[in-house]
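**Student:** This structure is in structure tokens; I'll ask about it shortly.
The values are calculated or read from the model by the stated rules, or taken from the named source; none is laboratory data. Bear in mind that the values here come from a model prediction, so they are computed numbers and not experimental data. With ideal geometry, Cβ positions are generated from the backbone for all residues, glycine too; neighbour counts draw on all protein chains shown.
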Amino acid sequence: MSAPNTGESAPMAEVTAVRLGDKWVTTANDLTRAAHRLTLGEKRLIAACIAQVKSDSPLPATTDRTRKTYTVTAAEYAELYDVSRDTAYEQMRANQKTLWAKEIQTIKPNGKEGRKVRWVQEIAYNDGEASVTLMWSDAVCQVLFNLSEQFTTYKLKHAARFTTKYAWTLFEMLAMWRKAGRFSMDVDTFRDKLEVSATARANYKELRVRVIEPSLREIREKCGIVVTVEERKRGRRVAELAFSWEPDPQGTLAF
């Protein structure tokens, strides 16, 4: 028998909105590497928009402006990155300007430089709404959507705690090598990827004291991941860094 008609509408199922910090930042590994060269403020703005992308959804058509366009509000930014609303306004306004000019240098299979592409096709600070709206470039869409392999993923709220781009970038490297639980890198390549100061490029002790140790400390304190680094020498010079941490088969580490 059907239920009696009481004239009242059935209650709608309650929908719980997922907070921005609880969403995942997922990008193809090539785009993760490109993000190493962003400033901390640019990374914050980009990550807040990437977290809204459904990475396993089909690639949007070139003409599909709706699926390529994302907005982050000052209120969301302030809560996510634990800054005041005024600071959020200032950072978002400044970073959308510099982000417009940022390029990604593509690399051909033979190792030579390919074409240069932009992160965004359009970007604007919306004064009346206190928000930034961006539209991904078609090239970036290729490495944001329809991902099934060779991608990096981590929950945004873990990276949002970082106060330096060095810690965030190293965290991205850990996330990229999450399954292996280790990776090694030539010291000069490491310097290039983190875009360290001229002093840290010339002096390894400066690199260790000003970049590596503070970054590992921040990752441990804010994400609970204990990373060890082995300095491998060629002669008397430290030539390679080997990072290792406990692999996470259950997905419980802060990635």
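**Student:** Just to be sure before I move on: is Val196 of a type in the set (A, V, I, L, M), outside the structural domain of Asp64 (by TED's automatic domain parsing) and under 22 Å from Leu99 (Cα atoms) in the structure I sent?
**Tutor:** Yes, satisfied.
**Student:** For segment 186-207, which positions are exposed (fewer than 15 other Cβ atoms within 10 Å of the Cβ) and either over 13 Å from Arg37 (Cα atoms) or not charged (D, E, K, R) (or both)?
**Tutor:** Asp186, Asp188, Thr189, Ser197, Ala198, Thr199, Ala202, Asn203, Lys205
**Student:** Another question, then. Being modelled with pLDDT under 90 and crowded, with 17+ Cβ neighbours inside 10 Å is the filter here, so list the residues in segment 224-255 that pass it.
**Tutor:** Across segment 224-255, the qualifying residues are Leu253, Ala254, Phe255.
**Student:** Select from segment 179-234 the residues that are without any contact (Cβ under 8 Å) to a residue 24 or more places away in the chain and assigned to a loop (DSSP other than H, G, I, E, B) and write down the one among them that is nearest to Glu246 (Cα to Cα).
**Tutor:** Taking the candidates together, the pick is Val226.
**Student:** Checking Glu129 against (1) touching a strand residue (DSSP E or B) at 6+ places or on another chain (Cβ under 8 Å); (2) of a type outside the set (A, V, I, L, M, F, W, C); (3) closer than 29 Å to Trp245 by Cα, which test does it fail?
**Tutor:** (3)
**Student:** Something else now. Restricting attention to segment 137-167, and to residues there that are of a type in the set (D, E, K, R) and in a loop (DSSP other than H, G, I, E, B), which single residue is nearest to the chain's Cα centre (by Cα)?
**Tutor:** Ranking the qualifying residues of segment 137-167, first place goes to Arg161.
**Student:** Here's something else I'd like to know. With respect to Phe255, is the statement that it is over 30 Å from Thr62 (Cβ atoms), in a loop (DSSP other than H, G, I, E, B), touching a Ser or Thr at 6+ places or on another chain (Cβ under 8 Å) and not β-branched (Val, Ile, Thr) true?
**Tutor:** Yes: the conditions hold for Phe255.
**Student:** Name the residue that is modelled with the highest pLDDT, counting only residues in segment 127-183 that are among the basic types (Lys, Arg) and over 20 Å from Ala48 (Cβ atoms).
**Tutor:** Residue satisfying both the conditions and the ranking: Arg182.
Condition check ((1) under 22 Å from Ala124 (Cα atoms); (2) over 11 Å from the mean Cα position of the chain (by Cα)) across all residues:
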| residue | (1), (2) |
| --- | --- |
| Arg19 | no, yes |
| Asp22 | no, yes |
| Arg44 | yes, no |
| Cys49 | yes, no |
| Leu59 | no, yes |
| Lys68 | yes, yes |
| Tyr77 | yes, yes |
| Ser84 | yes, yes |
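**Student:** Give me a count of the residues in segment 146-175 that are touching a helix residue (DSSP H, G or I) at 6+ places or on another chain (Cβ under 8 Å) and either β-branched (Val, Ile, Thr) or over 26 Å from Ile225 (Cα atoms) (or both).
**Tutor:** 5
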